[in-house]
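Shown next, in structure tokens, is the structure this report addresses.
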């Protein structure tokens with residue numbers, strides 16, 4: 001296994017399209033949406049990556065995402081994440097201003113990622129922001145939090161949970177077995193899907209087009225939308 005240099009770089013000479021279309025050969029991947037207190041992650045092998053009319057669609061049993069190439073301005077490669085001696089390489093597909101549109105993390109080690117970016121020019125990128133809330137004690141308790149209350153009411157239901165931002169969407173369908181509050185987040189976790197909803201990030205829910213959409217404190221969509229597709233009895 002390659003032991004890459006630890007760091008975080010902008011890549012030069014690599015088109016986002018090229019890397020996205022190589023994802024099916026890069027092992028088990030976590031494809032991540034993160035914005036407005038919402039983290040939506042699909043986990044497993046990307047079986048297909050198809051390009052049609054400027055949109056790359058990731059498919060398979062564990063993935064369902066659409067990425068608009070016009071929304072992407074570059075790529076950041078990050079090898080700084082290590083847990084229990086294992087490196088989890090990360091590629092961020094970014095928009096203008098370095099805002100991430102979608103991130104992809106390798107679950108099977110760095111080799112496929114290092115091979116995919118071999119030969120690209122590199123320039124240092126700014127550090128990645130922390131996911132963890134700075135002070136959990138100042139957040140609402142789960143039992144009074146509108147986000148947690150709504151998610152908790154989904155237990156036992158078959159749902160579709162979608163995350164959207166400009167240029168990207170990702171969905172998961174399945175049964176909500178449990179909603180667990182931990183470290184300032186309400187969490188739905190299965191083998192191929194994680195939703196982490198930050199406590200206090202949802203001020204209201206809005207019904208629109210058959211979905212229930214989470215709104216932030218300004219009444220704007222956070223990107224999280226949930227649709228019931230039936231209830232398991």
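The values are calculated or read from the model by the stated rules, or taken from the named source; none is laboratory data. Just so it is clear, the model here is predicted, and its values are computed rather than measured. Please note: Cβ atoms are built from the backbone with ideal geometry, for glycine as well, and neighbour counts cover all protein chains shown.
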Residue count, segment 5-17, condition under 17 Å from residue 105 (Cα atoms) and surrounded by fewer than 12 Cβ atoms within 10 Å (Cβ to Cβ), comes to 2
**Message:** Considering only segment 106-120, I want to know if a residue exists there that is in contact (Cβ under 8 Å) with a residue 40 or more places away in the chain, assigned by TED's automatic domain parsing to the domain that holds residue 15 and in a strand (DSSP E or B).
**Reply:** yes
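Inside segment 122-140, can you point out the residues that are modelled with pLDDT of 80 or more and part of a loop (DSSP other than H, G, I, E, B)? Talk me through it step by step, then tell me what you get.
Of segment 122-140, the ones modelled with pLDDT of 80 or more are 122-128.
Across segment 122-140, the qualifying residues are 125, 126, 127, 128.
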Condition set touching a helix residue (DSSP H, G or I) at 6+ places or on another chain (Cβ under 8 Å) and in a strand (DSSP E or B), scope segment 29-58, selection nearest to residue 92 (Cα to Cα): answer is 29
Taking segment 153-184 and keeping only residues that are in contact (Cβ under 8 Å) with a residue 24 or more places away in the chain, over 19 Å from residue 103 (Cα atoms) and assigned to a strand (DSSP E or B), one is left with 157, 158, 159, 160, 173, 175, 181
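Do we have residue 70 as buried (at least 18 other Cβ atoms within 10 Å of the Cβ) and farther than 30 Å from residue 204 by Cβ here?
Working: buried (at least 18 other Cβ atoms within 10 Å of the Cβ): no; farther than 30 Å from residue 204 by Cβ: yes.
No: the conditions fail for residue 70.
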Expected output for segment 52-65 (first residue in the same structural domain as residue 93 (by TED's automatic domain parsing), partner surrounded by 15 or more Cβ atoms within 10 Å (Cβ to Cβ) and part of a loop (DSSP other than H, G, I, E, B), Cβ below 8 Å, 6+ apart or cross-chain) is 58/46; 58/64; 59/46; 60/46; 61/192; 62/46; 62/192; 63/46
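Take residue 194 and decide whether it is under 14 Å from residue 38 (Cα atoms), in contact with a strand residue (DSSP E or B) (Cβ under 8 Å, 6 or more places away or on another chain), at pLDDT 95 or above and not in a strand (DSSP E or B).
Numbers: under 14 Å from residue 38 (Cα atoms): yes; in contact with a strand residue (DSSP E or B) (Cβ under 8 Å, 6 or more places away or on another chain): yes; at pLDDT 95 or above: yes; not in a strand (DSSP E or B): no.
Judged against the criteria, residue 194 is not a match.
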Per the list (1) more than 15 Å from residue 38 (Cα to Cα); (2) over 18 Å from the mean Cα position of the chain (by Cα); (3) in contact (Cβ under 8 Å) with a residue 60 or more places away in the chain, residue check on residue 142 breaks on (3)
Kindly evaluate residue 217 against the criterion of being over 18 Å from the mean Cα position of the chain (by Cα), over 13 Å from residue 38 (Cα atoms) and part of a loop (DSSP other than H, G, I, E, B). yes
Looking across segment 181-194 at residues that are crowded, with 17+ Cβ neighbours inside 10 Å and touching a helix residue (DSSP H, G or I) at 6+ places or on another chain (Cβ under 8 Å), the single one that is farthest from residue 150 (Cα to Cα) is 184
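Just one of 159, 101 is within 17 Å of residue 40 (Cβ to Cβ) and in contact with a helix residue (DSSP H, G or I) (Cβ under 9 Å, 6 or more places away or on another chain); which is it? It would help to see each step written out before you state the result.
On the way: 159 fails: in contact with a helix residue (DSSP H, G or I) (Cβ under 9 Å, 6 or more places away or on another chain).
Within the list 159, 101, the selection yields 101.
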